[in-house]
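Taking it in order: structure first as structure tokens, then the write-up.
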Amino acid sequence: AHLLEHLVFKGTPKIDNIFQELGRRGMRFNGTTFFDRTNYFESFTASDENLDWALAMEADRMVNALVRKSDLDTEMTVVRNEFENWENNPRSVLWGRLQAAAYDWHNYGNLTIGARSDIENVSIDRLQAFYRTWYQPDNAVLIVAGKFDPAPTLERIARYFGPIPKPARALPAIYTREPVQDGERSVTVRRVGSAQFIGALYRTPPGAHPDATALAALGEIMTIAPSGRLYQALVESRKASAVDAWNLELSDPGNLIFWAQVPLGDSADAARATMLETLYGLRDKPITQAEVDRVKTRTLTSIDEIINDPQQLGLVLSESIAVGDWRLFFIQRDRWRALTAADVQRVGLEYLKNANLTFGQFIPDAKPDRAPAPPTVDVAALVADYKGDAQVAAGEVFDPTPANLEARTQRFTLPSGMKVALLPKKTRGETVEFSLQLHHGNVASLRGLAPAGSLAASMLNRGTQQRDRQAWEDALDKYRAKLSFSGGQTGTSASGQTVRAHLADVLRLLSEALREPAFAAPEFDQLKRQLRTRIDQGRTDPQAIAQRALGRHDNPYPVGDVRYTPTFDEELARLDAATLAAAKDFHARFIGGTNAELSLVGDFDAKAMQA
């Protein structure tokens, strides 16, 4: 499936090279393959000509792709290079081993990146047979999202896809059903790398099942920073530098994986013991409604953002289609709205069991405490009478030419010297985007101060003098906002998104973070540990090594100059020597609004924002 995804870009009898034709039209495009589906998508400037060509092309390559041996010979090396990049990532490798150990029979045990031998040796006949079986209209769903007129678009779809006959063959039935797991499983990977990872995988029901939403919430509650239970038990206690959760909601029973990255030199066994103790601690420390509400607010805001972005919505709907039906996206949203602490507590006790774990060694048990058998879901019955929400507010038809952008933009300068640009426009869901750039220092004043600037910038979203980090995150969620900071020695930047009703509140939060950062010592220590782990991981990452080598090649600047590119060892030494006092001093001396630019684009009152 993954190889074929590459080959169908190579051409049809009508289109010699689809890659070139997409590029010639300035279209952004891609194809992806995951456990249950392959999807293809193009994003382009809205016009009848572009839409007409894209629909005709997709209908053409659905059944007329050449799938030639000569193309396989060249594209195989491209896919093999993707495989080798994957093999250079410690967590990717561990994930593949976890999937393989977790499934006895189902093909979810094989990652879609493929195996080297299959990539190198698969025959063109098998690819062509796969193409003729699955690339047919009775196995496809077409999604059109963005700016278009529905009636003529449906006519175009009928014109190009309608003549394709329904195939005479019946799709092969997928009959493999994975039995309930009957004991702990363990996998260990020993190979070159510079980061330690541990993962605990638990098998879960299909993505359409009601329990899937509660399991997704459980993953967030455990790992969200800084209140997550695993975050506090592992990161706060300095047993790990980062934690994360992946919830694979698939057509057949999937899995939930809890991850932790452990710095070199620290004990992975201690981190593992703490991880499992925390996960199994649900029985004595039940999930609270406050924990559920926190992740529910963030997730529902994310869903609103997806609905307001046609490209994101189209891609997310394709994932729901792979699970069973496009309406599952909205049904899952409704389940998030109704989610309770009791729901999350129940699934935690049902699925987080040793008998359902791929992580530990096998231990004989006369009476195994097993998870329930994954149920089947009648998706057609589930969605038959579903009614969605009312439409969200639509944005205006906007001309993005430079001339119109300049005509619509309002510019002014604050007394401090900050330059401001406002571009009010109606947007879907009344969203607003903003960006702030602060410039500071010169060669002389910044000499020898690294890495105080980047550390100061990284501390800005870790709490203020008015709010600790959790209160800061809660305020962003309350205002349906995203706000991120980045920076270095010569500049600090912030970017974010919110909605019209909360823009003023979010700008006040931005000002609060810049003017009154907390610079809490525990947060500073955590930041240094995370950066130290990242530097260590880069030592064996080919891309990180190449980027640093290029930065140092013919670099004429001396050590201490802001433009100097340090070695891994030099950067680590500078980080170890960095102090919280130095970061505070850098903030006090350099971060200000005199040399700065602020831009706002979206649905807001320009006059009110000027004030």
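Pull out a ≥ b ≥ c, the square roots of the eigenvalues of the alpha-carbon gyration tensor of the range 313-360, then state rounded if a/c is under 1.5, prolate if not and a/b is larger than b/c, and oblate in the remaining case. Oblate is the answer for the range 313-360, as a/c is 1.5 or above yet b/c matches or exceeds a/b. Given a 1.4 Å probe and the protein chains as shown, E236 ends up with an accessible area of around 80 Å². Across the accessible surface of the range 461-524, with the other protein chains kept in place and a 1.4 Å probe, carbon and sulfur atoms take up 44 percent. For the chain, the Cβ-based charge dipole about the Cα centre amounts to some 780 debye (Lys, Arg positive; Asp, Glu negative; other atoms uncharged).
Using the Cβ-Cβ distance between W134 and E433 with R0 set to 45 Å, the FRET efficiency from 1/(1 + (r/R0)^6) comes to roughly 0.70. A dipole drawn for the chain from +1 and -1 charges on Cβ atoms has a positive end, and of G417, T38, A608 the residue lying farthest that way is G417. Distance from the alpha carbon centroid of the range 468-537 to that of the range 126-154 works out to 42 angstrom. Ranking of E597, E42 by solvent-accessible surface, largest first: E597, E42 (1.4 Å probe, protein heavy atoms only, all chains present).
Over the range 300-414, calculate the relative contact order: mean separation of alpha carbon pairs under 8 Å at least 6 apart, over the residue count, as a percent. RCO, the range 300-414: 21 percent.
Note on the chain: dipole from Cβ charges, positive end direction compared against Y479, I157, L127; the farthest Cα belongs to Y479.
Accessible surface computed residue by residue for the range 256-319, with neighbouring protein chains in place and a 1.4 Å probe, gives 44 Å² per residue.
Using the 1.4 Å probe convention, the accessible area of the range 456-502 works out to 40 Å² per residue with neighbouring protein chains retained.
The candidates S43, S416, arranged from most to least accessible area with a 1.4 Å probe in the full protein assembly, appear as S416, S43. On the range 8-79, 48 percent of the accessible area sits on carbon and sulfur atoms, based on a 1.4 Å probe. Ranking of W134, W105, W259 by solvent-accessible surface, largest first: W105, W134, W259 (1.4 Å probe, protein heavy atoms only, all chains present). Residues whose amide H falls under 5 Å from that of G491, counting only those 5 or more places apart or on a different chain, are H440, with hydrogens built in the peptide plane.
The residues of the range 342-445 present an accessible area of 61 Å² per residue when probed at 1.4 Å with all protein chains retained. For the range 404-513, just say rounded, prolate or oblate: build the C-alpha gyration tensor, square-root its eigenvalues into a ≥ b ≥ c, call rounded for a/c under 1.5, and beyond that prolate if a/b exceeds b/c, oblate if not. Cα axes put the range 404-513 in the oblate bin. For a paramagnetic label modelled on Q289 (point 7 Å from Cα along Cα→Cβ), amide N atoms under 19 Å away belong, within the range 213-227, to 214, 217-218, 221. With Cα atoms as the point set, the chain shows a radius of gyration and Dmax of 26.5, 77 Å. Each residue of the range 103-115 was assigned a 3J(HN,Hα) from its phi angle through the Karplus curve 6.51 cos²θ - 1.76 cosθ + 1.60 (θ = phi - 60°); the sequence is 10, 7, 10, 5, 6, 4, x, 10, 6, 6, 4, x, 9 Hz, with glycine and proline shown as x.
Subtracting the Cα-Cα distance of A384 and E236 from their residue separation scaled by 0.36 nm leaves 48.6 nm.
Considering only Q181, P205, Q232, the residue lying farthest towards the positive end of the dipole of the range 176-254 is Q232, judged by Cα position with unit charges set on Cβ.
Taking 18 Å as the cut-off, the amide N atoms of the range 56-86 that come nearer than this to a point 7 Å along the Cα-to-beta-carbon line of E120 belong to 72-86.
In the assembled protein chains, V499 presents an accessible area of approximately 10 Å² (probe radius 1.4 Å).
With contacts taken as Cα pairs under 8 Å and at least 6 residues apart, the chain reaches a relative contact order of 14 percent.
How are the alpha carbon pair distances in the range 262-407 distributed across 5 Å bins from zero to the largest one, expressed in percent? Whole-percent P(r) values from 0 Å outward: 2, 7, 10, 12, 14, 14, 12, 11, 6, 4, 3, 3, 1, 0, 0, 0. For the range 197-278, a simple Cβ point-charge model (Lys and Arg +1, Asp and Glu -1, everything else neutral) yields a dipole of about 180 debye relative to the Cα centre. Surface calculation, 1.4 Å probe, protein heavy atoms: K482 sits at approximately 110 Å² accessible. Evaluating 6.51 cos²θ - 1.76 cosθ + 1.60 at θ = phi - 60° for every residue in the range 517-529, the Karplus couplings come out as x, 6, 6, 6, 4, x, 5, 5, 5, 4, 4, 5, 5 Hz, glycine and proline recorded as x. Here the range 93-133 is treated with +1 on each Lys and Arg Cβ and -1 on each Asp and Glu Cβ, and its dipole about the Cα centre works out to around 60 debye.
When the solvent-accessible area of the range 211-338 is split by element, carbon and sulfur atoms take up 52 percent of it, the probe being 1.4 Å. Calculated mean residue ellipticity, 222 nm, the chain: -13500 deg cm²/dmol, from DSSP H runs (n ≥ 4) at -39500 (n - 2.57) each, averaged per residue and rounded to 500. Within the range 21-51, which residues have the backbone N less than 16 Å from the label spot 7 Å out from T153 along Cα→beta-carbon, could you tell me? Backbone N within reach: 41-51. Note on R190/V78: beta-carbon distance plugged into 1/(1 + (r/R0)^6) with R0 of 35 Å gives a FRET efficiency of 0.75.
Taking a ≥ b ≥ c as the square roots of the eigenvalues of the Cα gyration tensor, an a/c ratio of 1.5 or more together with a/b larger than b/c marks the range 4-110 as prolate.
The values are calculated or read from the model by the stated rules, or taken from the named source; none is laboratory data. Since this is a predicted model, take the numbers as computed values, not measurements. Positions of Cβ are backbone-derived with ideal geometry, glycine not excepted, and every protein chain shown enters the neighbour counts. The protein model used for the area step is the full one, side chains on, heavy atoms only, and it has no ligands, DNA or RNA in it. Shrake-Rupley method; radii C 1.70, N 1.55, O 1.52, S 1.80 Å.
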